[in-house]
Amino acid sequence: MADQQIGQLLDTLGVTADLDDGDLVTDAHIVLKVVKADGETSLIKATSEALDWITALGMLTAVLAIENTRYVNIAEDDD
């Protein structure tokens with residue numbers, strides 16, 4: 001198995017992010033659900049080149065908290 005660029009794949013899947021003008025994305029941590037040719041399903045982790053393990057762990061922990069609590073940003077919810 002060889003590493004592959006996945007930007008176009010993410011575009012094809014319709015992956016979007018809520019970014020404002022001027023926002024600077026510095027890291028990415030992606031979890032991919034993959035169905036192999038034999039029908040086996042697996043998860044694969046992909047990260048941006050400069051992502052260190054401590055930031056990756058923090059990002060995973062934060063996204064789990066957001067998903068588990070359905071976090072709502074009160075400052076943005078006042079609209």
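Please compute the per residue accessible area over the chain with all protein chains in place, 1.4 Å probe, rounded to a whole number of Å².
Working: 7290 Å² over 79 residues.
Result: 92 Å² of accessible area for each residue.
For Val34, the shell of other residues with beta-carbons less than 12 Å away shows a net charge of +1, using +1 for Lys and Arg and -1 for Asp and Glu. Helix-only arithmetic for the chain: the sum of -39500 (n - 2.57) across DSSP H runs with n ≥ 4, divided by the residue total, places the mean residue ellipticity at 222 nm at -9500 deg cm²/dmol. Sparsely packed loop sites in the range 7-67 (the GluC sites (Glu not before Pro) outside DSSP H, G, I, E and B with at most 12 other Cβ atoms within 10 Å) comprise Glu40, Glu49. So how exposed is Val25, as accessible area in Å² (1.4 Å probe, rounded to 10)? Taking all protein chains as shown, Val25 has close to 100 Å². Per residue, the average separation of C-alpha pairs within less than 8 Å and at least 6 apart gives the range 1-65 a relative contact order of 23 percent.
The values are calculated or read from the model by the stated rules, or taken from the named source; none is laboratory data. Because the structure is a prediction, the values reported are computed rather than measured. So basically every Cβ, Gly included, is an ideal-geometry build from the backbone, and we count neighbours across all protein chains shown. Protein only, heavy atoms only, side chains kept; ligands, DNA and RNA dropped before computing areas. Shrake-Rupley method; radii C 1.70, N 1.55, O 1.52, S 1.80 Å.
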